[in-house]
Amino acid sequence: MDTEISFFRKIVTGETAFQKKIRKEILPILADLRLAILLLLVIAVFSISGTLLEQGQSLEFYQSNYPEHPALFGFLTWRVLVFIGLDHVYRTWWFLSLLVLFGSSLTACTFTRQLPTLKSARRWVYYEQPKQFKNIALSAELTTGSLTALEPLLKKRHYLVFQEGNKLYARRGIIGKIGPIIVHASMLIILAGSIIGSITGFTAQEMVPGGNIFQVKNILDAGQFSESRIPKDWAVKVNRFWIDYDPEGRIDQFYSDLSVLNQQGEEVDRKTIHVNEPLHYQGVTFYQADWGIAALRVRVNKSPVFRLPMAPLDTGGQGRIWGTWIPIKPDFSAGVSVLTRDLKGTVLVYDGKGQLVSTVREGMSTEVDGVTLFIDEVVGSTGLQIKADPGIPFVYLGFGLLMISVIMSYVSHSQIWALKEGDRLYIGGKTNRAKVTFEREIVAILDELNDREDNNSLSLGNLSENPQS
């Protein structure tokens, strides 16, 4: 029995020693403001790098845009990007570790500094000796006035007043001490939202022709626990995609009419999206991000309508052009080429020798190499960016609280002490900000006290001169 008691006592002693080590050695390091600032700067630098460097692209993309010879800035190559994880910086273990460490620093600072400061500010301590007022930068000694006259003056200025005998304490602006705590709490909420989004969210991209049904497959970037977020029991149909052009022929806006279909193919939601107006469904958001030309529906002479895919051509940075080749003989021994730049419905038709024959609009036909070519439709494709980020509500909540708490932090915490000792009234006060305004307030209070004393003296003088009244 004694052995068991000794064993458990050692365990308890070991836990106490460990807790003591955390409190005395680890917490002061975590709560150090210099560490918090350093972590914040490092997080900011890597966050900027994640904005400047394309995230979640293929290996071929980085090999093409960040070659080893010549290396960007002399050192930044695709190997460096991939090795460090700068191609998906927000989901790397070291970036998430920085967020956790920064959150730990904020938490330690909150519990070791902010909460004790708030607790101290909520306590009221009376000054019991006149010499205590000499330690206050802003203080006064009056031969007139009383605590009874002082109390309503302070309450009129929204001070919370405590009085005991000949001693008085008043404070205002305790919310200014709560503000920094909420600032820390809001930053912790933002960090939590960022971490949740990084490990459970995903980003995908799809290029879908009008009329097609698709499921999210082309995942560009995904967190370690994002599998459950990727939709598997519902799909999306692109009912129609179109572009509006301004009078000068430039793109004004492009639209996608989307329907969400359940496993039975029934429509459960529908919305026409455009830039800055996405579709939200079960935590997944579909943004209008790009567009393209998918296919051309044509007829040759009296043939049935057949659909030919169109592919983007390399123009050397001179704009976007899509093209296709249309066979005009059953054995595919001859054909014509068709090019188009946009979805206005105008195509350029070239004969078998590569000579431009005519410009044709949708619903029209032209004669080329002995056949009649009908252009029925230019089929567009919508480029959708698809995201799921469960941490966004936490981030929005954190930023909302942050704005409120920053305003709270600018509220001055002011304290006033008073002591009535014989015929003397001692008054002193201090504040943590807006000190000039506070000084003017103290002067105004002293002036009002003097005015009241003068009025009282005048009233007493009238009574002594006219005792019958």
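In table form, for the structure just shown:
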{"read-out": "Only one of Leu356, Leu339, Leu343 that is modelled with pLDDT of 90 or more and within 29 Å of Asp290 (Cα to Cα)", "value": "Leu339"}
{"read-out": "Strands (runs of 3 or more DSSP E) contained in region 83-194 and holding at least 1 residues of a type in the set (Ser, Thr, Tyr) and touching a residue at least 40 places away in the same chain (Cβ under 8 Å)", "value": "138-142, 167-172"}
{"read-out": "Count of residues meeting criterion [β-branched (Val, Ile, Thr) and either within 30 Å of Leu191 (Cα to Cα) or in contact with a Gly (Cβ under 7 Å, 6 or more places away or on another chain) (or both)] in region 401-455", "value": "6"}
{"read-out": "Options Val125, Val161: the member that is closer than 30 Å to Ile445 by Cβ and either in contact with a Gly (Cβ under 6 Å, 6 or more places away or on another chain) or at pLDDT below 90 (or both)", "value": "Val125"}
{"read-out": "Residues being assigned to a loop (DSSP other than H, G, I, E, B) and surrounded by 16 or more Cβ atoms within 10 Å (Cβ to Cβ) - total across region 387-411", "value": "4"}
{"read-out": "Among residues of region 254-266, those that are surrounded by fewer than 13 Cβ atoms within 10 Å (Cβ to Cβ) and touching a residue at least 12 places away in the same chain (Cβ under 8 Å), counted", "value": "2"}
{"read-out": "Meets criteria (of a type in the set (Val, Ile, Thr), within 16 Å of Glu206 (Cα to Cα) and surrounded by 14 or more Cβ atoms within 10 Å (Cβ to Cβ)) for Val275", "value": "no"}
{"read-out": "Number of positions in region 312-364 that are exposed (fewer than 15 other Cβ atoms within 10 Å of the Cβ) and within 19 Å of Thr382 (Cα to Cα)", "value": "7"}
{"read-out": "Some residue of region 325-333 being among the aliphatic types (A, V, I, L, M) and either modelled with pLDDT of 90 or more or not in a strand (DSSP E or B) (or both)", "value": "yes"}
{"read-out": "Every residue from region 370-386 that is crowded, with 16+ Cβ neighbours inside 10 Å and over 19 Å from Pro304 (Cβ atoms)", "value": "Gly380, Ser381, Thr382, Gly383, Leu384, Gln385, Ile386"}
{"read-out": "Phe438 surrounded by 17 or more Cβ atoms within 10 Å (Cβ to Cβ) and closer than 30 Å to Ile174 by Cβ", "value": "yes"}
{"read-out": "Only one of Asn466, Asn456, Asn432 that is modelled with pLDDT under 70 and surrounded by 13 or more Cβ atoms within 10 Å (Cβ to Cβ)", "value": "Asn456"}
{"read-out": "Where a residue in region 297-324 is within 17 Å of Val371 (Cα to Cα) and its partner, wherever it lies, is assigned to a loop (DSSP other than H, G, I, E, B) and among the aromatic types (Phe, Trp, Tyr), with Cβ under 6 Å and at least six apart", "value": "none"}
{"read-out": "Residues of region 195-230 satisfying the condition of being part of a loop (DSSP other than H, G, I, E, B) and under 18 Å from Thr92 (Cβ atoms)", "value": "Gly201, Gly223, Gln224, Phe225, Ser226"}
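Matching residues to (1) within 30 Å of Asn239 (Cβ to Cβ); (2) modelled with pLDDT of 95 or more; (3) among the charged types (D, E, K, R); (4) touching a strand residue (DSSP E or B) at 6+ places or on another chain (Cβ under 6 Å):
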{"residue": "Asp376", "(1), (2), (3), (4)": "yes, no, yes, yes"}
{"residue": "Phe394", "(1), (2), (3), (4)": "no, no, no, no"}
{"residue": "Ile407", "(1), (2), (3), (4)": "no, no, no, no"}
{"residue": "Tyr410", "(1), (2), (3), (4)": "no, no, no, no"}
{"residue": "Ser414", "(1), (2), (3), (4)": "no, no, no, yes"}
{"residue": "Tyr426", "(1), (2), (3), (4)": "no, no, no, yes"}
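The values are calculated or read from the model by the stated rules, or taken from the named source; none is laboratory data. What you see is a predicted model, and the numbers here were worked out from it, not measured in a lab. A quick note on method: Cβ atoms are made from the backbone with ideal geometry, for glycine too, and the neighbour counts reach across all protein chains shown.
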